[in-house]
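Derivation of every value follows stated rules applied to the coordinates shown; laboratory data play no part. For clarity, every value in this text was computed on a predicted model and none was experimentally measured. Here the Cβ is made from the backbone with ideal geometry for all residues, glycine too, and neighbour counts use every protein chain on show.
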Amino acid sequence: MPKIGVLAIQGDYQEHKNMLEGVGAVTKEIRLPNELEDIDGLIIPGGESTTIIQLIDIYEMRNPIIERVTSGMAIWGTCAGMISIAKTLKDKRPDPLHLMDIEVSRNAFGRQIDSFETYLDIKNIEGPPVRGIFIRAPVVTNIGKGVEILSEIESGKPVMVLQDKMLATSFHPELTDDTRIHEFFKNLSSAK
């Protein structure tokens, strides 16, 4: 069974932890660099991307996260986490981790008042469409080589992408009772 860490410095990490435990994953809250050593996957949750990146840098976790991902650890960024793991941003700040070969636009769907829900067809996820909750959500504006689009919103904007063992979603699966994407990440974290 994989051990999956949830970055627990800001944002809705508890919801991810609950979902992972619901699919039988061993979980660990991550707050310091040395806590990254024995995990198979890491989730960077939704929250405030500038704050998350500032805290990653304050706690000196940037290089350890990058090193673990480049050596094969799975990573999943949801909403602010997608912004955090992107290679580049359309915005001037924050300075992302430059991991996944995507360009992301923060708050692409508008302000808090413009938050919405919709149902998404997702490649590799069987069953009915997945409920997508978009809260001040980012969107992928450019995709590099090796990045696979798993889901797009009706307007053709990618909202779920995969590159090797890196997963990013614009929306918040952890705020639903549908565990299929967490199950998908658990399997990704188990892959050798």
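Dipole orientation for the chain: of the candidates Gln54, Asn34, Gly144, Gly144 has the Cα lying most toward the positive pole (charges on Cβ; Lys, Arg +1; Asp, Glu -1). Computed from point charges on the beta carbon alone (+1 for Lys and Arg, -1 for Asp and Glu), the dipole magnitude for the stretch 3-190 about its Cα centre is near 400 Debye. Proximity of backbone amide H atoms, modeled 1.01 Å from N, is registered between Gly77 and Ile44, Leu167, Ala168, Thr169 at under 5 Å, excluding neighbours fewer than 5 places apart on the same chain. Which FRET efficiency, nearest 0.05, do Asp114 and Ile66 yield, Cβ-Cβ r, R0 41 Å? Efficiency for this residue pair is about 0.80.
Candidate cross-link partners of Lys192 among the lysines, defined by an alpha-carbon separation under 24 Å and a same-chain spacing of 8 or more, comprise Lys3, Lys17, Lys28, Lys87, Lys123, Lys145, Lys165. Note on Glu126 and Thr141: the extension gain reaches 2.8 nm, defined as 0.36 nm multiplied by sequence separation minus the Cα-Cα distance.
Quick check: from the Cα gyration tensor, does the stretch 91-192 come out rounded (a/c under 1.5), prolate or oblate? Kindly include the intermediate steps, with their values, before the conclusion.
Details: a/c = 1.67, a/b = 1.09, b/c = 1.53.
Oblate shape, in that a/c is at least 1.5 and b/c is the bigger or equal ratio.
Overall, the stretch 116-192 carries a charge dipole of about 320 debye about its Cα centre when +1 sits on the Cβ of Lys and Arg and -1 on the Cβ of Asp and Glu, all other atoms neutral.
If you add up the charges near Arg62, with Lys and Arg at +1 and Asp and Glu at -1, over every other residue whose beta carbon is less than 12 angstrom from its beta carbon, what do you get?
Values: positive: Arg68; negative: Asp57, Glu60, Glu67, Asp95.
Counting the neighbours of Arg62, the net charge comes to -3.
Can you list the residues of the stretch 89-108 with backbone N under 12 Å from a point 7 Å past the Cα of Asp57, pointing along Cα to Cβ? Residues passing the 12 Å test: 93-97. Taking the Cα centre of the stretch 1-107 as origin and assigning +1 to Lys and Arg Cβ atoms and -1 to Asp and Glu Cβ atoms, the resulting dipole is close to 240 debye.
Among Asp101, Asp38, Asp12, the largest mean-square fluctuation in a Gaussian network model of the chain (Cα springs under 10 Å) belongs to Asp38. 3J(HN,Hα) along the stretch 163-172, derived from phi through the Karplus expression 6.51 cos²θ - 1.76 cosθ + 1.60 where θ = phi - 60°, amounts to 9, 6, 10, 10, 10, 9, 10, 6, 9, 10 Hz, with x in place of Gly and Pro.
Net charge around Gly146, counting only other residues with Cβ within less than 14 Å of its Cβ (Lys, Arg = +1; Asp, Glu = -1)? Write down the numbers at each step before the final one.
Numbers: positive: Lys87, Lys145, Lys165; negative: Asp101, Glu148, Asp164.
The answer is 0.
Using a Gaussian network model of the chain in which every pair of alpha carbons under 10 angstrom is joined by a spring, one finds that among Met166, Met100, Met61 the greatest mean-square fluctuation is at Met61. Is the C-alpha gyration tensor of the stretch 3-190 telling us rounded, prolate or oblate? Criteria: a/c under 1.5 is rounded; beyond that, a/b larger than b/c is prolate, otherwise oblate. Because its axes are fairly even, with a/c under 1.5, the stretch 3-190 counts as rounded.
Write down the percent of antiparallel bridges among all DSSP beta bridges whose residues are both part of the chain, to the nearest 5. List each step's numbers first, then the result.
Numbers: 17 of 36 bridges.
Here the share of antiparallel DSSP bridges comes out near 45 percent.
Sites listed here are GluC sites (Glu not before Pro) in the stretch 129-192 whose DSSP assignment is loop and whose Cβ has at most 10 other Cβ atoms within 10 Å: Glu154.
The residues neighbouring Ile53, those whose beta-carbon lies less than 9 Å from its own, together hold a net charge of 0 under the Lys/Arg +1, Asp/Glu -1 convention.
Would you please name the GluC sites (Glu not before Pro) within the stretch 37-145 that are DSSP coil residues with at most 14 other C-beta atoms within 10 Å of their C-beta? Can you show the working numbers first?
Working: sites: Glu37, Glu48, Glu60, Glu67, Glu103, Glu117, Glu126; in loops: Glu37, Glu48, Glu60, Glu126.
Within the stretch 37-145, the qualifying GluC sites (Glu not before Pro) (loop, at most 14 other Cβ atoms within 10 Å) are Glu37, Glu60, Glu126.
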